[in-house]
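Peer 1: Supplied in C-alpha cells, the structure appears directly below.
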Amino acid sequence: MKTRASASSNGSRTRNLFPILSRKMRGHPLVYLDNGATTQKPSSVLSAMDSFYKKSYANVHRGIHTLSEEATVAYEHAHENVADFIGASSLREIVFTRGTTDSFNMLSRMLTQTFSRGDEIIVSQAEHHSNLVPWQQLAQQKGLKLSFIPYDSRTGELHWEKLEKMISKKTKVVSLTHVSNVLGFISPLKKISKLVHDHNALLSVDAAQSVARLPINVKKMGVDFLSFSGHKMYGPTASGVLYGREDLFSSLEPAYYGGDMVREVTLNKSTWNDLPWKFEPGTPPIVEGIGLGAAVDFLRAYPLEDIFSHEKKIMAHAMNGLSSLGNITIYGPSSPEQRAGVLAFNVKHVHAHDLSSLLNEDGVAIRAGHHCAMPLMTALNIPASARASFAVYTEKSDIDALVEGVRKAQTIFK
Amino acid sequence: MNAVTDQRDFAGEGMYREHILDHYKHPRNFGEWKTCSVSHKELNPVCGDQLSFQLNMDEKGVVKDVRFSGQGCAISIASASLLSDEIKGKTIDQINALSRDTVQELLGVTLGPSRLKCAMLSLDTVKNACQIYQKYHAGGKKHGGH
Ligand SMILES: Cc1ncc(COP(=O)(O)O)c(C=O)c1O
C-alpha cells in the first residue's frame, strides 16, 4: 500500500485506480475537471469503507465488545494517520469534523468565546464563504471587528503587504485560505505566520484546496489551526478535520455539546473528555473517518511534491492551450509556478454556464458560477466564471479535450 | 433502467440552436425605462446572474409593454427575451398561469435541472413583479397604473 507511485509518469495507470473514471459520457471518455469542488474516490478508499462496514462496524468509545473495540481502534488510528500526514504532534491535535465548513463554524465559535468587544478578526476578500460567513455573523453578534486583506488586481493574488499595516494589538486571529479556490494562488504562510505571531495573534488556515495538492506541515508552516475536507482529498463526503495546536485546544472551551465529549455529567454541571474527543460530540462520522484515513494512505503513495509538480505541468499546459485560443481571461497569477491546481477563466462572449453545458456534451466536467466566493467575484467585477481544477489523475489529454471544447464554444457563440 | 447509467438526454449542443443564439445576441425589449408601473430585480444564487424586468400596465391590469436588463447566460437571456414578447397583452392571472413548460416550449428545448434554473429566472422575476404591482394596487384591475 505504501509503495511510491508517480503521478507524473503514471497518469493513465492512476486513472485506473478510480472506478468512476471509466464511465463514458455520451460516448466520450469522462474528463473530470471539477476536482476543486470534489475529487473522485480510488478503489482503496471505497473498499476500506466497505470492508469496515462488513467486518468491524459498531459505535466507537462505547461498547465493551469486540466490534466496538475494533471500530474504536480503527477510528483513532485514522486520527493518528491524519496527524502524521500534516505534521501534527499527535491525535490530540486532530478533531474530525464533517468538512471545512463544519471546522470553521466550530473554530469561530470556540475562539470568539474568548474575544472581547472591539477585538479584530482578519480574513481576505478571496475567502470561500465558509471562511467568511461564520466570522461575519459572530462579529456582528459580539461586536467584533472584521477586516479584509484586499484582492490585488496587479498580481492576481491578495495585497499581502496590506496585512502588515492592518494587523494590530486588537487583532486576535487571521484566517486565510492556503490555496484560493478561484485564483489558485498559494499564500505565503511562513511569512504571514511570523507577522501574525509577532502581534500575538493566531493563524487559522483553510487548506480545503491545498491538502491534496501541496505538502503540508503545520509545525514548519507555523499554523495554529488548519481546516480541510476529506472529500476534496480523495476521501468521503462528511469527513473533515480541524487541526489545532495542543496548548490552544487544551484551553479552548467546546462550542458543541452532547454525548462522548464529556467526562462526568451531573444535572447541573459537566466536565470535558480528553482531546480531541471533547470537540467531537455525539456519534462521529465513523466510517467517513476510516475512509479519510484510507485517503491519507492513498496520498502517501504519491508524494505530494510529485502531485504538486504534476499539477503544475498540467496547469502550464492548460494556461498555454487556453491562451492560444485568444479572447480568454484567466484569473489569478499569470505564472503556472505560482498556482496550485485551480484555473478560473472566462471566454469572451460565452457565459460560463453556456460553456459548461457545451463542454458537458463532450464529456468534459468543469465548474461554472461564483465558486462560493461572491465578494471575490465582486472584486473581479464578474458575475461568474468557468473553473477547471486538476487532480492526481488529470492527464494532458484531458486538457486537450477542454481546450478543444472551448474552441468549439467560441465558434458557436462568435 | 439503471439510474447510474441512465443518461437522460437533456439538450446539450442542440440547446444552442439558432433562435436561442439570436435572442441571446439580439434580445428583444432589452433596455431600461426611467419610469414604469413596476420594476423588479432577481438574482440567480447559483451563478450570480441577475435580471431586472420593468412592466407598464394599462388600467385593466394588462401588460402593455415590457423592458428587461441584466446579465446572464444564453439560456437566461434568451428566455427573458422570449418571455418579454410572450407576456405583452396578458393579464396578471394569465402570467401567473405560465409555467416551466411554457418557458421550455418558448425555448424549444428540454433542460436539465441546473439549466432550468437559468431559464426560470425571468419568469420568476416577472411573476414577482406582478405580485408587487398587485400589492400596491389593491383591487388592482380598476385602479391599476396611476
Ligand atoms: C477554499 C475552500 N474553502 C472551503 C470550502 C468548503 O468545503 P466544504 O464544502 O467541504 O465544507 C471549499 C470547497 O468548496 C473551498 O474550496
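Peer 1: Scan segment A:120-134 residue by residue and report those that are near the ligand (Cβ under 10 Å from one of its atoms) and away from every other protein chain (no Cβ under 14 Å).
Peer 2: Residues satisfying the conditions are A:Ala126, A:Glu127, A:His128, A:Ser130, A:Asn131, A:Leu132.
Peer 1: Out of A:Leu325, A:Leu376, A:Leu380, A:Leu355, which single residue is farther than 19 Å from B:Asp49 by Cα and either crowded, with 19+ Cβ neighbours inside 10 Å or away from every other protein chain (no Cβ under 14 Å) (or both)? Break it down into steps so the answer makes sense when it comes.
Peer 2: Details: A:Leu376 fails: farther than 19 Å from B:Asp49 by Cα; A:Leu380 fails: farther than 19 Å from B:Asp49 by Cα; A:Leu355 fails: farther than 19 Å from B:Asp49 by Cα.
Of A:Leu325, A:Leu376, A:Leu380, A:Leu355, the one residue that is farther than 19 Å from B:Asp49 by Cα and either crowded, with 19+ Cβ neighbours inside 10 Å or away from every other protein chain (no Cβ under 14 Å) (or both) is A:Leu325.
Peer 1: Tally up the residues in segment A:24-64 that are touching a strand residue (DSSP E or B) at 6+ places or on another chain (Cβ under 9 Å) and farther than 19 Å from A:Arg367 by Cα, please.
Peer 2: Selection size over segment A:24-64: 0.
Peer 1: OK, next. With respect to B:Leu83, determine if the residue is surrounded by 14 or more Cβ atoms within 10 Å (Cβ to Cβ), more than 25 Å from A:Met374 (Cα to Cα) and either out of contact with any Cys (no Cβ under 8 Å at 6 or more places or on another chain) or away from every other protein chain (no Cβ under 14 Å) (or both).
Peer 2: Answer is yes for this residue.
Peer 1: Output yes when any residue across segment A:103-118 is under 25 Å from A:Pro188 (Cβ atoms) and assigned to a strand (DSSP E or B), and no when none is.
Peer 2: Kept after step one, since they are under 25 Å from A:Pro188 (Cβ atoms), are these residues of segment A:103-118: A:103-104, A:107-108, A:111.
Narrowing the set further to residues that are assigned to a strand (DSSP E or B) leaves none.
Checking segment A:103-118: not a single residue is under 25 Å from A:Pro188 (Cβ atoms) and assigned to a strand (DSSP E or B).
Peer 1: A further question follows. Pull out all pairs, ordered by first then second residue, where Cβ-Cβ is under 9 Å, the residues are six or more apart or on different chains, the first lies in segment A:368-390 and is within 21 Å of A:Val403 (Cβ to Cβ) and in the same structural domain as A:Pro150 (by TED's automatic domain parsing), and the second is in a strand (DSSP E or B) and not basic (Lys, Arg).
Peer 2: Taking only residues 6 or more apart or on different chains, not a single pair turns up.
Peer 1: Sticking with this structure for a sec: Within segment A:218-231, count every residue that is closer than 14 Å to A:Leu242 by Cα and part of a loop (DSSP other than H, G, I, E, B). Before the answer, list the steps.
Peer 2: Residues of segment A:218-231 that are closer than 14 Å to A:Leu242 by Cα, as a first pass: A:218, A:223-230.
Subset that is part of a loop (DSSP other than H, G, I, E, B): A:223-224.
Total satisfying the criteria: 2.
Peer 1: Would you mind finding the one in A:Val205, A:Val182 that is under 19 Å from A:Trp160 (Cα atoms) and part of a loop (DSSP other than H, G, I, E, B)?
Peer 2: Sole residue among the options that is under 19 Å from A:Trp160 (Cα atoms) and part of a loop (DSSP other than H, G, I, E, B): A:Val182.
Peer 1: Further, regarding this structure: So for segment A:147-154 (the condition being within 16 Å of the ligand (Cβ to nearest atom), assigned to a helix (DSSP H, G or I) and modelled with pLDDT of 95 or more), does at least one residue qualify?
Peer 2: No, every residue in segment A:147-154 fails to be within 16 Å of the ligand (Cβ to nearest atom), assigned to a helix (DSSP H, G or I) and modelled with pLDDT of 95 or more.
Peer 1: Which of the residues belonging to segment A:204-223 are over 21 Å from A:Ala78 (Cβ atoms), surrounded by fewer than 24 Cβ atoms within 10 Å (Cβ to Cβ) and touching a helix residue (DSSP H, G or I) at 6+ places or on another chain (Cβ under 6 Å)?
Peer 2: Passing the criteria: A:Leu214, A:Met221, A:Gly222.
Peer 1: Of the residues A:Lys162, A:Lys194, A:Lys169, only one is away from the ligand (no atom under 16 Å from the Cβ), outside any helix (DSSP H, G or I), in the same structural domain as A:Ile94 (by TED's automatic domain parsing) and of a type in the set (Lys, Arg); which?
Peer 2: Going through A:Lys162, A:Lys194, A:Lys169 in turn, the sole match is A:Lys169.
The values are calculated or read from the model by the stated rules, or taken from the named source; none is laboratory data. Just so we're clear, the structure is a prediction, and the values are computed from it rather than from any experiment. Neighbour counts are summed over all protein chains in view; Cβ atoms, including those assigned to glycine, are modelled from backbone coordinates with ideal geometry.
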